[in-house]
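Engineer: Sharing a structure here in structure tokens format.
The values are calculated or read from the model by the stated rules, or taken from the named source; none is laboratory data. This one's a predicted model, so the numbers in the text were calculated from it and none came from an experiment. Here the Cβ positions follow ideal geometry from the backbone for every residue, glycine too, while neighbour counts run over all protein chains shown.
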């Protein structure tokens, strides 16, 4: 791997005592890991778990994920090993049972899906993506996770300054110079420069300054990047600690995890390339001083005042169903409450879109089959070939399907909907989610079955 002389010089300046070790990390092999969904991944566990995440799986080689129906149905998310540290640290924090959590730069969704899985319906997760073109993939991945306590927003971080002392936890996974991805991305290597590092550091500082007022007293800010220099990492934490209401946090992680402690006064760590097969990753933690006021109940919004409507048979009784402008949504009671408090922020999506009644007939939404509240008793089971054909958008007719709307599943995992019209069917799997390159030859066995 060719690394620029300027990068090597900066690496030696940052790590003069163990420069050779840090440089050698860029020659380590690149692994692949996934993070299992706690409700959807039901297969026997056959692979090696990540040191810091019992739900994380370290695979020996990269499977053909695109032809695995469980990948599309949200049973797992392909998430780099180091980035799963953010979820682990989140799970160690002393926070309320039902926290209000913000992921500020959430797309494409690996960390935000991990947070949603850890919350498992408790509290509220606000997943924000500032860049409009990246919101679609974020919404797709959260839809496949299927939790009804998630709110997707699309606003510049500066807008959140108006939400003073609202969030118990804020994750800032900041855009960075990408040094941790040098092994897998030639583009990252080619675009790196000292000027890029300075530009990213300035942007990261703005992000943290913008979002700090939105953190509650006593709340935690998790800061992460996929780069390895101190200017974008420890220096950002140290600048944040200059706030009079910021304080350090002392957390000890096991030595067996192979992490390198950063040089900030507050707890922070590097997962260097190659450790647990991961890319390079940095994670740090700062707390706001003080104690949060008791949670105040905001006034009810118009959406909260809407009456419960007819419940589709496919939706479990545990889901809270709300009619909003003709569409039905399954939204947790907790996720309904902060709608007034989020008023300055542009809300894109909330909860799970269930479908709509057209006259007296119900048309399901693709998200309904992916919901954790979906009633799985009546689905048309597909074999692997049928499931992949469905995910390609084909109008399949499984033997067990009956006329009308049918939820289809693979190995017990619901995927989506077909409308059986007798001799043909309509496929409701969303066009942007479809497999674009059809398989050639026999389909590979999913890794979790082998």
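Engineer: Counting only residues that are out of contact with any strand residue (DSSP E or B) (no Cβ under 7 Å at 6 or more places or on another chain) and closer than 25 Å to residue 431 by Cβ, which one in the range 321-336 is surrounded by the fewest Cβ atoms within 10 Å (Cβ to Cβ)?
Structural biologist: 325
Every residue, every condition in (1) touching a strand residue (DSSP E or B) at 6+ places or on another chain (Cβ under 7 Å); (2) surrounded by 24 or more Cβ atoms within 10 Å (Cβ to Cβ), yes or no:
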position	(1), (2)
55	yes, no
65	yes, no
71	no, no
75	yes, yes
81	yes, yes
89	yes, no
93	yes, no
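Engineer: Within the range 388-414, restricting attention to residues that are in contact (Cβ under 8 Å) with a residue 24 or more places away in the chain, surrounded by 18 or more Cβ atoms within 10 Å (Cβ to Cβ) and farther than 14 Å from residue 378 by Cβ, which residue is farthest from the chain's Cα centre (by Cα)? Break it down stepwise before answering.
Structural biologist: Initially, the range 388-414 is screened for residues in contact (Cβ under 8 Å) with a residue 24 or more places away in the chain, giving 388, 390-397, 401, 405-414.
Among the residues that remain, those that are also surrounded by 18 or more Cβ atoms within 10 Å (Cβ to Cβ) are: 388, 390-391, 396, 401, 405-411, 413-414.
Subsequent filtering for residues that are farther than 14 Å from residue 378 by Cβ retains 388, 390-391, 396, 410-411, 413.
Working: 388: 24, 390: 25, 391: 22, 396: 31, 410: 23, 411: 24, 413: 20 Å.
Going through the qualifying residues, I end up with 396.
Engineer: Does residue 267 qualify as being within 30 Å of residue 249 (Cβ to Cβ) and at pLDDT 85 or above? Working first, answer last.
Structural biologist: Numbers: within 30 Å of residue 249 (Cβ to Cβ): yes; at pLDDT 85 or above: yes.
It is true that residue 267 is within 30 Å of residue 249 (Cβ to Cβ) and at pLDDT 85 or above.
Engineer: Here's another thing I want to ask about it. Can you run down the residue pairs with Cβ atoms below 8 Å, 6 or more apart or on separate chains, where the first is in the range 153-165 and at positive phi and the partner is surrounded by fewer than 17 Cβ atoms within 10 Å (Cβ to Cβ) and in a helix (DSSP H, G or I)?
Structural biologist: From the range 153-165, the pairs are 165/213.
Engineer: May I ask you to list the residues in the range 337-360 that are assigned to a loop (DSSP other than H, G, I, E, B) and in contact with a strand residue (DSSP E or B) (Cβ under 9 Å, 6 or more places away or on another chain)? So that I can check it myself, show each step before the final result.
Structural biologist: Taking the range 337-360 first, the residues assigned to a loop (DSSP other than H, G, I, E, B) are 340-346, 351, 359-360.
Hits for the range 337-360 are 341, 342, 345, 346, 351.
Engineer: Would you check which residues across the range 417-441 are without any contact (Cβ under 8 Å) to a residue 60 or more places away in the chain and within 29 Å of the chain's Cα centre (by Cα) and list them?
Structural biologist: If the condition is that a residue be without any contact (Cβ under 8 Å) to a residue 60 or more places away in the chain and within 29 Å of the chain's Cα centre (by Cα), then 417, 418, 427, 431, 434, 436, 438 are the ones that fit.
Engineer: Let me ask another. What's the total number of residues in the range 373-420 that are assigned to a loop (DSSP other than H, G, I, E, B) and either at pLDDT 95 or above or in contact with a strand residue (DSSP E or B) (Cβ under 9 Å, 6 or more places away or on another chain) (or both)? Explain how you work it out, then say what you get.
Structural biologist: Looking only at the range 373-420, we keep the residues that are assigned to a loop (DSSP other than H, G, I, E, B), and these are 373, 375-379, 383, 392-403, 411-412.
Subset that is either at pLDDT 95 or above or in contact with a strand residue (DSSP E or B) (Cβ under 9 Å, 6 or more places away or on another chain) (or both): 373, 375-376, 378-379, 383, 392-403, 411-412.
Looking only at that region, the number is 20.
Engineer: Could you please let me know if residue 442 is surrounded by fewer than 19 Cβ atoms within 10 Å (Cβ to Cβ) and in a helix (DSSP H, G or I)?
Structural biologist: Judged against the criteria, residue 442 is not a match.
Engineer: Here is a follow-up. May I ask you to list the residues in the range 293-320 that are surrounded by 15 or more Cβ atoms within 10 Å (Cβ to Cβ) and either within 30 Å of residue 237 (Cβ to Cβ) or modelled with pLDDT of 80 or more (or both)?
Structural biologist: The answer is 312, 314, 315, 320.
Engineer: Checking residue 197 against (1) assigned to a loop (DSSP other than H, G, I, E, B); (2) farther than 22 Å from residue 342 by Cβ, which single condition isn't satisfied?
Structural biologist: In the conditions (1) assigned to a loop (DSSP other than H, G, I, E, B); (2) farther than 22 Å from residue 342 by Cβ, residue 197 misses (1) alone.
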